[in-house]
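Below is one structure, written out as structure tokens, with a few remarks after it.
The values are calculated or read from the model by the stated rules, or taken from the named source; none is laboratory data. Just so it is clear, the structure is predicted and the values come from calculations on it, not from any experiment. Cβ: placed from backbone, ideal geometry, glycine included. Neighbour counts: every protein chain shown. For the accessible areas, the whole protein counts, side chains as well, though only heavy atoms, and no ligand, DNA or RNA atoms are used. Shrake-Rupley method; radii C 1.70, N 1.55, O 1.52, S 1.80 Å.
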Amino acid sequence: MHLLPPFTRALMRRPAANFGEGLTSSGHLGAPNYALALQQHDAYAQALRDCGLEVAILRPDERFPDGHFVEDPFVIFRDLAFHCRSGAPSREQEGESLKPHLARLRIVEPPPDARIDGGDVLFCADRVLVGISARSNRAGFMALRAALRSIKRDIRVDPVPFSGLLHLKSGLTELAPGILIRDPALQTDYDLGWAQVIDLPPEEGYAADVMPVNDTLFIAANCPRAFEAASQHCGRVITLDLSEFVKMDGGLTCLSLRY
């Protein structure tokens, strides 16, 4: 049994015309194409609908060039929505714009010194991994752990200091229970011995951000090694092309809040 219940809803935000002004460490990939990004965003939303999810898409908000990465401002666990305070100053207010759309959930605010991005929070079958990075600090980890334990007292929440990538889930996600898929660019001293780890070739590193949605696994398109691994362990695999979001350090899990 997985820690997360089946998903029935997803919240998304349409990219704004200035989304190419967002934060990125992947400038070497070139500037993103806005028209193509909108097409890819549409395909992503439709794929979630095809999985039976009710998808709400918010209007673009040019105040937040990174605002379409809606997973970072909140971590949702059952009826709890933990409001993340990003370590990136330009993103601190994104969560406020999402709150009205999460009114049915119990929103928990962190203490002032807690900094965390949802992209650093990985729910596995039996534990939660929280990346400690430039965006997420130990105070953020401790605040999230306390919030999750208010729902499930025995939940295991581990800090994972890492380097090499922006977010933990940029380079490490769970392909299937007990099976992790990793970008070799992600470096960590955290002991992954409890899982089987599949290392991708460097050119497919961005495909380490896979997205399970109930009985379906979404993976990045045009990544044959990742597709082979996914097909071995998952019954239904769907590929999506998010090339324009990869240019902005984005991936599959970033573009929706699923709950």
query = Which ranges mark the helices (runs of 4 or more DSSP H) fully within region 148-259 that have 3 or more residues being within 26 Å of Leu36 (Cα to Cα) and either out of contact with any helix residue (DSSP H, G or I) (no Cβ under 6 Å at 6 or more places or on another chain) or among the aliphatic types (A, V, I, L, M) (or both)?
reply = 224-233, 243-246
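Okay, residues lined up against (1) open to solvent by 10 Å² or more (accessible area, probe 1.4 Å); (2) on the phi > 0 side of the Ramachandran plot:
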{"residue": "Ile219", "(1), (2)": "no, no"}
{"residue": "Asn222", "(1), (2)": "yes, yes"}
{"residue": "Ala226", "(1), (2)": "no, no"}
{"residue": "Ala230", "(1), (2)": "no, no"}
{"residue": "Val246", "(1), (2)": "yes, no"}
{"residue": "Leu252", "(1), (2)": "no, no"}
{"residue": "Ser256", "(1), (2)": "no, no"}
{"residue": "Tyr259", "(1), (2)": "yes, no"}
remark   = Within region 81-130, restricting to residues that are free of Cβ contacts under 8 Å to residues at least 24 places away in the same chain, more than 23 Å from Thr173 (Cβ to Cβ) and not in a loop (DSSP other than H, G, I, E, B), the one that is least open to solvent (accessible area, probe 1.4 Å) is Lys99
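For region 27-39, give me each residue that is more than 14 Å from Arg13 (Cβ to Cβ) and surrounded by 14 or more Cβ atoms within 10 Å (Cβ to Cβ).
Of region 27-39, the ones more than 14 Å from Arg13 (Cβ to Cβ) are 27-36, 39.
Listed by number, the residues that qualify are Leu29, Pro32, Asn33, Tyr34.
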query = List, please: which pairs have Cβ atoms under 6 Å, are six or more places apart or on different chains, and start with a residue in region 44-59 that is open to solvent by 80 Å² or more (accessible area, probe 1.4 Å) and end with one that is of a type in the set (Val, Ile, Thr) and at pLDDT 95 or above?
reply = Arg49/Val55
